[in-house]
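Reviewing the structure listed below.
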Amino acid sequence: MSSIVYVPSDSAALSVGADDVAAAIARHAAAQELDVRIVRNGSRGMLWLEPLVEVATPAGRIAYGPVAAADVPGLFAAGFLQGGAHALRHGVTGAIPFLQRQTRLVFARVGVTDPLSLEDYKANGGLVALQKALATAPAAIVEEVVTSGLRGRGGAGFPAGIKWRTVLGATADQKYIACNADEGDSGTFSDRMVMEGDPFVLLEGMAIAGLAVGATEGYVYLRSEYPDAKRTLLAAIERACAAGWLGQNVLGSGKRFFVHVRLGAGAYICGEETAMLESLEGKRGIVRAKPPLPALQGLWGKPTVVNNVMTLASVPWIVAHGGAAYAAHGVGRSKGTLPFQLAGNVKHGGLVEVPFGITLRELLYDYGGGTASGRPIKAVQVGGPLGAYLPASKFDLVLDYEAFAQGGGMIGHGGLVVFDDTVDMRAMARYAMEFCVVESCGKCTPCRIGSTRGVEVIDRMAGPQRPVQEKLLRELCDTMANASLCAMGGLTPMPVLSALDHFPEDFRRS
Amino acid sequence: MAVVEAVVQRLRAVPGACLPILHAIQDELGFVPHDAVERIADGLNLSRAEVHGVLTFYHDFRTAPPGRTIVKLCRAEACQARGCTALERRLHDHHGIAMGATSADAAITLEPVYCLGNCALGPSALVDGKLVGRLDAARVDALVQAARGKRGKA
């Protein structure tokens, strides 16, 4: 009987040698004439254990990690194909507390299945929602998404169902689904993990969105920094078309839905929805003024649903299980689950999909285990480069869009970047302004000029003029926050002022 | 220029073709030559200013040939929390490779990148399109050495 060994092909795992490990396992198995089948799955999201190798046994899948190619002979000697004892063994994968305590709805298949196997996908609940959607009236699909309370996972948190309703109600000869896969926030990788680990769920979500609003064309705007995701996504589209569930005749229904992948070119601003539409049209990624809303005049002036990867990937679960079942998770107006991402200087970095309502402390310590360096956590930046830096006194904040905003933070795309006590918060504030200099599209003055002035003012705060410069910085931030065209200039003050307010001592050093 | 012409002919009918064309040219040549701008503008019925605007707006596109190995080192917050700034300094001080420049021996082009989505395993870099994580001084040194060793074969 052949043994099944899982070695992830997720790019995080590849970045620390998963291909070498897979090759070493294949080589040893061949040398010992053992019948081993290696499945390249996605990542389970326990990234500190990558490369995480799993072996299928009668007791379930047994995890070993982090495995280096050099560990492979020892693993074979320890009988890992039968789940044998070894220093790197962590027992049954699903029973590892980091994973066991999660509520994986969107990530149910990620790391479990072969990302490009349609058989795996169907055997694990895939396509149920698309079949259901084909038998449902468009307006009823939209209402199901409204009922779920699903809000845009890209950062802005706008109710997805309301957006869909607007597009459904618009009259046009052509409508589009534009998937925002320009996951530019530092500390975030959930979109990438889904595209690499379960690409069909995104395609299914897009197809359902198309049926719901009457769009026949879908575009994935994928950042160029994700070459592995691009390969997986293109292969998945090819297979989905060949199997007849995308294309001219979706699952034999007579309805059309096509998906195209377009690459970004290294511009953070193209994660802003209107800049992304400009970029999809082949232009510079310059932010558009709103209105008109993209839902009415979006891609090439046509009604367009612009949703983040995570939003669209949540749709199949919602349609399959019902909006009410999704809304049963979460708190307040933050329904369902969010895949949080633990990043930076954290001991147990990775992906944690849990219902809204968890506290920062639980994520940082119960899941993250504190810092990787073993030093105290000084600050955590939540929500990407435009999110606030929060000190330990804020760690009991509940992660719920409204409550978190009231506490001075922003959940954004759910990334948490952890810093230990060696971080210089003035340097981080300066970097926030510098990042805005590099990435501003240049359309509005507060963002384009303000960011450069911001860097200069923060530099001068190291000198004797600190009180005057601090006043200037606060005024500048006020202008940027209130007079910028989009969130780039509008939210850059958030990391800057939170650093200044919570860590003033770092600004007092010369 | 034959490459540029072929790419323009192949992709000009694609909606919003300018970006896909620039990507395709850079994939083949490693950069986008200045005189490609006019060809692209002609092919897409755009002004040269429009094509130039797109070419220079996006960080990905180069207008000069890169070194033999392209290293995109992440400078974003999560990698900073894991020490990427020290690695950038090491590349500069020990190896004479400045951020945003090509080394004098044309072995390496070092470019900044803002997040590679490997934020739990940083510091990270993309080396000729391949993601590498858990970088430290020793691994950076080895990477530079390997890149400089490619000189004979190139």
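The values are calculated or read from the model by the stated rules, or taken from the named source; none is laboratory data. Computed from a predicted model, the values in this text were never measured in an experiment. Using ideal geometry, Cβ is built from the backbone for each residue, glycine included, and neighbour counts are taken over all protein chains shown. Just so you know, the surface numbers come from the protein's heavy atoms only, side chains and all, with ligands and any DNA or RNA stripped out. Shrake-Rupley method; radii C 1.70, N 1.55, O 1.52, S 1.80 Å.
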Worksheet item: Looking at the range A:219-230, which of the residues that are more than 9 Å from chain B (Cβ to nearest Cβ) and of a type in the set (A, V, I, L, M) is surrounded by the fewest Cβ atoms within 10 Å (Cβ to Cβ)?
Response: A:LEU222
Practice prompt. Please go through the range A:231-261 and pick out each residue that is within 30 Å of A:PRO385 (Cβ to Cβ) and in a helix (DSSP H, G or I).
Written response: A:ARG231, A:THR232, A:LEU233, A:LEU234, A:ALA236
Discussion item. Out of A:LYS290, A:LYS335, I need the residue that is more than 14 Å from every other protein chain (Cβ to nearest Cβ), open to solvent by 10 Å² or more (accessible area, probe 1.4 Å) and at pLDDT below 95. Which one?
Written reply: A:LYS290
Fill in: Residues of the range A:263-272 satisfying the condition of being within 16 Å of B:HIS59 (Cα to Cα) and more than 7 Å from chain B (Cβ to nearest Cβ)
A:GLY264, A:ILE269, A:CYS270, A:GLY271
Discussion item. Of everything in the range A:273-285, what is within 8 Å of chain B (Cβ to nearest Cβ) and either at pLDDT below 95 or buried (at least 19 other Cβ atoms within 10 Å of the Cβ) (or both)? Give them in sequence order.
Written reply: A:SER279, A:LEU280, A:GLY282, A:ARG284, A:GLY285
Worksheet item: Can B:GLY100 be described as within 14 Å of another protein chain (Cβ to nearest Cβ) and either at pLDDT 95 or above or in contact with a Cys (Cβ under 6 Å, 6 or more places away or on another chain) (or both)?
Response: yes
Item to complete: Any chance you could count how many residues in the range A:40-82 are of a type in the set (A, V, I, L, M, F, W, C) and either open to solvent by less than 10 Å² (accessible area, probe 1.4 Å) or within 12 Å of another protein chain (Cβ to nearest Cβ) (or both)?
Response: 14
Discussion item. As an exercise: evaluate A:ALA372 against (1) of a type in the set (A, V, I, L, M); (2) part of a helix (DSSP H, G or I); (3) surrounded by fewer than 24 Cβ atoms within 10 Å (Cβ to Cβ) and give the number of the one condition it does not meet.
Written reply: (2)
Fill in: Subset of the range A:197-218 that is outside any strand (DSSP E or B) and open to solvent by 10 Å² or more (accessible area, probe 1.4 Å) - its residue that is nearest to A:PHE258 (Cα to Cα)
A:THR216
Fill in: Which numbered condition A:TYR121 fails, given (1) under 22 Å from A:LEU296 (Cα atoms); (2) outside any loop (DSSP other than H, G, I, E, B)
(1)
Discussion item. I need a count of the residues in the range B:103-119 that are in contact (Cβ under 8 Å) with a residue 40 or more places away in the chain and either over 18 Å from A:TYR431 (Cβ atoms) or away from chain A (no Cβ under 14 Å) (or both).
Written reply: 5
Item to complete: Kindly indicate which of A:VAL319, A:VAL346 is part of a loop (DSSP other than H, G, I, E, B), surrounded by 24 or more Cβ atoms within 10 Å (Cβ to Cβ) and of a type in the set (A, V, I, L, M).
Response: A:VAL346
Worksheet item: Which of (1) among the basic types (Lys, Arg); (2) at the interface with another protein chain (Cβ under 9 Å from one of its Cβ atoms); (3) touching a residue at least 12 places away in the same chain (Cβ under 8 Å) does B:LYS130 not meet, given it meets every other one?
Response: (3)
Practice prompt. Answer yes if at least one residue in the range A:241-255 is on the phi < 0 side of the Ramachandran plot and within 23 Å of the chain's Cα centre (by Cα), and no otherwise.
Written response: no
Practice prompt. Give the range B:32-51 a look and list any residue that's open to solvent by less than 40 Å² (accessible area, probe 1.4 Å) and either under 22 Å from the mean Cα position of the chain (by Cα) or among the hydrophobic types (A, V, I, L, M, F, W, C) (or both), or say none.
Written response: B:VAL32, B:PRO33, B:ALA36, B:VAL37, B:ILE40, B:ALA41, B:LEU44, B:VAL51
Worksheet entry | Residues satisfying the stated conditions in the range A:234-258, i.e. within 14 Å of chain B (Cβ to nearest Cβ) and closer than 25 Å to A:ALA160 by Cα | A:PHE258
Worksheet, complete the sentence: Considering residues that are of a type in the set (S, T, N, Q), part of a helix (DSSP H, G or I) and open to solvent by less than 70 Å² (accessible area, probe 1.4 Å), the number found within the range A:434-478 is 3
Discussion item. Taking the condition of being under 20 Å from B:PRO112 (Cβ atoms) and either part of a loop (DSSP other than H, G, I, E, B) or in the same structural domain as A:LEU485 (by TED's automatic domain parsing) (or both), how many residues in the range A:262-283 meet it?
Written reply: 4
Worksheet, complete the sentence: Heads up, the helices (runs of 4 or more DSSP H) in the range B:4-77 (entirely inside) with at least 3 residues that are closer than 28 Å to B:LEU121 by Cβ are B:18-29
Practice prompt. Evaluate the range A:298-309: report whether one residue or more is more than 14 Å from chain B (Cβ to nearest Cβ) and in a helix (DSSP H, G or I).
Written response: no
Worksheet item: So which residues in the range A:137-175 are outside any helix (DSSP H, G or I) and either of a type in the set (S, T, N, Q) or over 22 Å from the mean Cα position of the chain (by Cα) (or both)?
Response: A:ALA137, A:ALA170, A:THR171, A:ALA172, A:ASP173, A:GLN174, A:LYS175
Item to complete: Please specify each residue of the range A:1-39 satisfying the condition of being assigned to a loop (DSSP other than H, G, I, E, B) and within 11 Å of another protein chain (Cβ to nearest Cβ).
Response: A:ASP10, A:VAL16, A:GLY17
